[in-house]
Structure formats: C-alpha cells, structure tokens
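Contents: one structure, followed by commentary.
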Amino acid sequence: MSVLAIDVGTTMIKSVVFDDQGNELAVARLATEVHRRHAGWAEQDMSAVWNAVVYTVRNALSEIDDPVWLVTFTAQGDGAWLVDKQGKPTGPAILWSDGRAGDILTRWEKEGILEDAFRRNGSLTCSGMPNAIFSWLGSNDPQRLARSAASLTAAGWLFLNLTGVTAMDESDASAPFLNHATGDYDDEIVDMFGLSGYRRLLPRVLGEQERIAEITKEAAGQLGLPEGLPVVMAPYDIASTARGVGVVNPGQACSILGTTLCTEIVRHDIDTTGEPSGINIAYRGRERVLRAFPTLNGADVLNWAAKLLHLEGPPELSKIAFEGSVPGARGLTFLPYLSPAGERAPFLDPRARGTFWGLSLEHTQADIARSVFDGLSLVLRDSLVASRTTVTELRLCGGGANSEEWCQLIADTTGVPTARSGDTELGAKGAFLTALVLSGAESSMHSAAAKYVRMTSTWEPDPERSQYYAGLYESFLEWRTLAREAGWSAANASAAPYVPGPRKAPAQGAPRA
C-alpha cells in the first residue's frame, strides 16, 4: 500500500507516491505562475493552484499499480487565501512574498508594535503575513474583506478542497497570531495590530491530533482516488521539510536552499529575547518549536544572476563560480537582498536592496557568480548566529543542495558540518512522516525519522577557509549597516521610476531622431 503526498510550493506543485519503505515510487510536477500586477505584489489564482494539484495527482497515480491508502500534503505558508461562505475564492491569493504592505510594516516598527508582538509569541511580522495584508486591504479594498468569510493559507485551501473542512494548522497559525501556550489565537496580538474587526476571518486552529479527515466524494472523483480515504494536513512546507530531513529533536538544524533560504533549529521553548528576528513555529503541540529564519531572497537571486550573466540557469552559474573564481571572489562582496519586498529574516527591512561592494574592471563573470554564492551563504551564517543556538550539523535540502560545491561552501562559511539527504522531495517526505504518525502507523516523529530518513553525503568545514569567511562575515555586516544607513541605495530612495508615455509625432519640419 502506498501513501500520496502533495507539496504545493510557490512556483512548483508536486505529487509524490511513497511505498511502505519511504521510497519515491512516482513524482509528478507542474510549474505554477506568480502574478505581479503591480510593483511588489505577488499573487496566485487559487483555482489554478487546485487544478494543478489535480493534474499532478492524476499523473503520479498513473505511474503506480499499488493502491493508495493515505493522502497527505504540505504547502507554502503565510499569505491570505480568502474565501467566502461557500468556500469560493474572493480574489487571488496574496502570497507570503507580497510586499504591498511595506509602508504599514514601517509604521508598525516605528510604533513598537512589531517588537511588542514578537515578545509575546516569538514571530516577527513581515509584509506577506495576514495581519499586514488585512491592514492593507482594509484601507485599499475593504469590499474584498467584507465578502470574505475566512482567510486560509495554501494548506488550508487544499484541506478545504480535499475534505470540506475550513481550518488552519498550528504551524500556519504560528505567525503572527498564535498563543503557543494554548494553541489558539492570541486576541491581544490581534488587537495590537488594530484588527479585532477581522478576527472573524481567522479559521479554527487544529491541534496535532485533529488534522486528519476523510476525502470528499467530489475531491476523490477529481483526483481519481477512492472516496473516504484519510487525509492528513502536515505542517506547512518549511516545517515539513525539516521533518523530511530528520530534523525533529532539539538542537538539530537544517537550511532549505530554495525559493527561500530558510534556516531552522528545533527547540524545547520559544525564544522571544534578543533583537526581534525570524519566527517560532509550533512543531509538535506544546513540546517542540521550530526557530525559523525564512528569507525573502533565495533561488530567485540565483536565477537573476544567471540571467544577468547570460547563463542557462543556476547549475551553470555554480559551475563558473566555483571553477573560475576563489573564496571571497577576489575582493567582491554581494548583499543579496533583491526581493521587491525587502528582507524579513534574520532581520526585517522592507526597504532592503542588493549591493555589490568592491566591484572593479578586474572582476570577471566568474567573480560575480562566486560573490552571489558567497553572499547567500553568509546569510545562512547570519541566521545561525541570530538563532543563538549551538548547532553541530546543518542538513541541507532544496534545489540548491544539488550543488556539491555550494554544500561545501556553506560548511566553510558557517563553520558547521553539512549533510544532504538521498531523497529529492523533502517537503513531501516530511508530510509522509507526519501522516504515518497521525494515522498511528508510527509511534512518534523520532521513530519515523530514524526509520525512513537517509542522509547520504556530508561535508566538513575547511579550517583555513572557515577562518577566512569568519572575517568576511564581519565585513559583510559592516557593509550592510552602511547600506541601511544610506537608505540601501539612491535608486530606492528616489522618486518613482521613469515610465515612457506614447511617442508623439514630430512637428512638421522637425528632424526625426
């Protein structure tokens, strides 16, 4: 008997079938589109996302003979996937990477609201979280909020389509509203942000043992599955991915090298001290939390650099970076903050922008490529430092982990040994492990991870290179401080960009350009 695991990512939807040994029997993928109607916006068509799930599930099932006995899923987190009383979308999903509420965030920061909320539940609001989105919609599109009955996440949208249940997982609810002590929303945090009028939009939070329901007849028919199969809602994608690489016990850590560079450390308790940074995710009821630093800048930076340098993609960028340059890129350092929404972890600044430091005529294409990998790796070190937790191994996953050179660079940059799993779909694997535990097939996440997670490659830090990168990290922080004090860039502080209008016909007798 097989388990079907669905992973609804931001740019890719995947359906994976696992056998009873945790091996991948079939994988079907379909790219999804992020719509950017205005500068800083990031949206998705909710019906198109569900249709893509149907497509990938049917394709994965067509490759196997073994019947499926259990369905599970994980998905991108945060954002606002608003539905009406009939469970129909009231507009496009506003994603975690959306930056339209940047000015609201700046105001909340100045008023001390962001820090006050962080001190209560350990999560620092970013512009793609529901509180920021509600506030923006309240000022700019109040009618949408009025016709909406619930604000879901991508996982909640999938659970609704699969089972008819309108609800939210604890991991998704963690930021920004969860009270970790009770497992329910903290109304004081809701009030802090002036959102008590929208409290009705927050769906019921499901506890650890409540996230299992039966697939409906309609959904089963669309997907080609038997009616009544159990469906398990796993934690959202970054938390499921941590489980997928076996990061389940306090002190264990991983970094996802994907759309986000997300570094995560398992803890017994919530850390609300120090400079507000990152988020704390409910990971196993009241017993575990996942201290996470999901950046806004990750794989898109590699795609941008590859396009800028006229390369086919990140694999070719990696090849020229590590074959044609050296650690430190011959004095060239890159601050990799390219998201239009700025950055949210391990620091929050919606104005953050990228900068090359030390660029000269002597630098080559390979040096630019190397500086991009160096800069992203220093962000991972920055996240580990911000966690204030001793880590002895960093497990790597996501598309970037396919580069052995980058895995070694991360070990050198952080000074921590790195390791890589033999599985390819780690978010789906984490959902698979979660489903086994919640269905009773496995007794605990610890036993499930020990049985099904297989790490196949490891890299040790090179002492000489690690010492070099320790010094470069201090310079990286100094340059970032200078960039922030200067407003990140002149362009970022200037007036609106020039937009050419329609060309006018030249006056009679005037010379043509």
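The values are calculated or read from the model by the stated rules, or taken from the named source; none is laboratory data. Everything numeric here is computed off the predicted structure, so don't read it as measured data. Cβ coordinates were reconstructed from backbone atoms using ideal geometry, including for glycine residues, and neighbour counts include every protein chain displayed.
Quick look at the numbers
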quantity: Filter pass, Ile270 being touching a residue at least 60 places away in the same chain (Cβ under 8 Å), touching a Gly at 6+ places or on another chain (Cβ under 7 Å) and within 30 Å of Gly207 (Cα to Cα); calculated: yes
quantity: Strands (runs of 3 or more DSSP E) within region 200-258 that include 2 or more residues over 21 Å from the mean Cα position of the chain (by Cα); calculated: 204-206, 212-214, 230-233
quantity: Conditions (1) within 29 Å of Ile279 (Cα to Cα); (2) touching a residue at least 24 places away in the same chain (Cβ under 8 Å); (3) in a loop (DSSP other than H, G, I, E, B): number failed by Glu63; calculated: (1)
quantity: Subset of region 130-187 (residues that are among the hydroxyl-bearing types (Ser, Thr, Tyr) and under 21 Å from Leu229 (Cβ atoms)); calculated: Thr163, Thr166
quantity: Subset of region 274-332 [surrounded by 22 or more Cβ atoms within 10 Å (Cβ to Cβ) and charged (D, E, K, R)]; calculated: Arg291
quantity: Some residue of region 385-407 being surrounded by fewer than 22 Cβ atoms within 10 Å (Cβ to Cβ), aliphatic (A, V, I, L, M) and closer than 23 Å to Glu323 by Cα; calculated: no
quantity: Residue match in region 282-303 (condition: at pLDDT below 90, assigned to a loop (DSSP other than H, G, I, E, B) and among the charged types (D, E, K, R)); calculated: yes
quantity: Index of the failed condition, Arg204 passing every other in (1) charged (D, E, K, R); (2) at pLDDT below 95; (3) out of contact with any helix residue (DSSP H, G or I) (no Cβ under 8 Å at 6 or more places or on another chain); calculated: (2)
quantity: Residue within region 285-294 that is in contact with a Ser or Thr (Cβ under 8 Å, 6 or more places away or on another chain) and farther than 22 Å from Ala181 by Cβ present; calculated: yes
quantity: Near pairs, Cβ below 6 angstrom, 6+ apart or cross-chain, from region 172-192 (more than 17 Å from Arg211 (Cα to Cα)) to any residue that is among the acidic types (Asp, Glu) and buried (at least 22 other Cβ atoms within 10 Å of the Cβ); calculated: none
quantity: Residues that are over 21 Å from the mean Cα position of the chain (by Cα) and among the charged types (D, E, K, R), drawn from region 394-421; calculated: Glu404, Glu405, Asp412
quantity: Unmet requirement for Arg420, which otherwise passes all of (1) more than 17 Å from Ala321 (Cβ to Cβ); (2) crowded, with 24+ Cβ neighbours inside 10 Å; (3) touching a Ser or Thr at 6+ places or on another chain (Cβ under 6 Å); calculated: (2)
quantity: Hits in region 354-384 - residues which are charged (D, E, K, R) and surrounded by fewer than 16 Cβ atoms within 10 Å (Cβ to Cβ); calculated: Glu362
quantity: Close pairs (6 angstrom Cβ cut-off, 6 or more residues apart or separate chains): surrounded by fewer than 24 Cβ atoms within 10 Å (Cβ to Cβ) and modelled with pLDDT of 95 or more in region 98-110, of a type in the set (S, T, N, Q) and part of a loop (DSSP other than H, G, I, E, B) anywhere; calculated: none
quantity: Qualifying residue in region 477-484 (condition: charged (D, E, K, R), at pLDDT below 95, under 30 Å from Arg330 (Cα atoms) and not in a loop (DSSP other than H, G, I, E, B)); calculated: yes
quantity: Selection from region 131-184 of residues that are buried (at least 19 other Cβ atoms within 10 Å of the Cβ), of a type in the set (Ser, Thr, Tyr), over 18 Å from the mean Cα position of the chain (by Cα) and not in a helix (DSSP H, G or I); calculated: Ser148, Ser151
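One line per residue, one yes/no per condition, for (1) aromatic (Phe, Trp, Tyr); (2) at negative phi; (3) in a helix (DSSP H, G or I):
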{"site": "Thr413", "(1), (2), (3)": "no, yes, yes"}
{"site": "Gly440", "(1), (2), (3)": "no, no, no"}
{"site": "Ser447", "(1), (2), (3)": "no, yes, yes"}
{"site": "Thr458", "(1), (2), (3)": "no, yes, no"}
